[in-house]
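Presented below is the structure to which this report refers.
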Amino acid sequence: MLIAGNWKMNGDPSSMEEFGRMIARAPEATAKGIDLVVCPPFVLIAKCADRATVSKVEVGGQDCHPEPSGAHTGDISAEMLAACGATAVIVGHSERRTDHNETDALVAEKATAAQRGGLMAIVCVGETEAQRDQGEALAVVKRQIENSVPTNLDPARLVIAYEPVWAIGTGRTPSIDDIAQMHAHIRTILEGRFANAPVRILYGGSVKPGNAAEILAVDNVDGALVGGASLKADDFLGIALAAPAKS
Ligand code: PEP
């Protein structure tokens, strides 16, 4: 089980206190076999990674450029993230797809770059509300995986985060049946692409301590990608500790 936190564009040096509380409580999660990854904004990655050397909390980035270095003002490469102590990176988050017009093809390049840089690639997919209303959710997610998750990735360092766009930051979540249906669908697609090698599938979108137990108990849900609730140690750990034991 993997619980990943996405701080988005939140946090400043004073957030290190909250991160310290996460580190202090991390052994409670580790004891249950739960992996924790926190993805702060880039400016805090080195600080968090330095602090996390004594704990089981891994640190990740929220995006990376496809190239390892070069004339790309404002961008950060996977290699740079790794050099700062990151071990993972989120690519293809819906906010990047929307704010920066990221296409599936670009997300595929970033996922490849993440692994080239030695990082675990957390690739986000998910339908909009209009697509779900039109009955297109399953087809949209299939297309996103086919086009943004190259088959030559190492499945052991690949995580798919299913994040329905309409559930992110809204307090709304799909029904448990809808989560189960989508995760089974994603599992089938991944088994076809990675010859049955296990790839973890996270659910993301308004996960809180109060709904985590029910969501994390769903078949083929191997963890959660958590936005807002990952900013507070008690909420983040509350989610992790709500995870049921799964084989
Ligand atoms: C996210 O941004 O990845 C996310 C899941 O956000 P939230 O938990 O706030 O809905």
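Taking Gly70 as the residue in question, decide whether it is in contact (Cβ under 8 Å) with a residue 40 or more places away in the chain, more than 16 Å from the ligand (Cβ to nearest atom) and assigned to a loop (DSSP other than H, G, I, E, B). No: the conditions fail for Gly70.
Considering region 163-203, and only residues there that are more than 13 Å from Glu127 (Cβ to Cβ) and touching a strand residue (DSSP E or B) at 6+ places or on another chain (Cβ under 6 Å), the residue that is most open to solvent (accessible area, probe 1.4 Å) turns out to be Arg200. The sole residue among Lys246, Lys142 that is within 20 Å of His93 (Cβ to Cβ), surrounded by fewer than 17 Cβ atoms within 10 Å (Cβ to Cβ) and more than 15 Å from the ligand (Cβ to nearest atom) is Lys142.
Of the residues in region 170-190, none is within 12 Å of the ligand (Cβ to nearest atom), in a helix (DSSP H, G or I) and hydrophobic (A, V, I, L, M, F, W, C). Within region 223-236, the residues that satisfy the criterion of being within 15 Å of the ligand (Cβ to nearest atom), buried (at least 17 other Cβ atoms within 10 Å of the Cβ) and of a type outside the set (Phe, Trp, Tyr) are Gly223, Ala224, Leu225, Val226, Gly227, Gly228, Ala229, Ser230, Leu231, Asp235. All of Ala86, Ala114 fail the test of being under 18 Å from Val37 (Cβ atoms), of a type in the set (Gly, Ala, Ser), touching a helix residue (DSSP H, G or I) at 6+ places or on another chain (Cβ under 7 Å) and part of a helix (DSSP H, G or I), apart from Ala114.
Looking only at residues in region 89-111 that are of a type in the set (D, E, K, R) and assigned to a helix (DSSP H, G or I), which one is surrounded by the fewest Cβ atoms within 10 Å (Cβ to Cβ)?
That would be Asp99.
The values are calculated or read from the model by the stated rules, or taken from the named source; none is laboratory data. Since the model is a prediction, treat every value here as computed from it, not as a measurement. In this analysis, Cβ positions are derived from the backbone assuming ideal geometry, glycine residues included, and neighbour counts consider all displayed protein chains. What goes into the accessible areas is simple: the full protein's heavy atoms, side chains included, and nothing from ligands, DNA or RNA. Shrake-Rupley method; radii C 1.70, N 1.55, O 1.52, S 1.80 Å.
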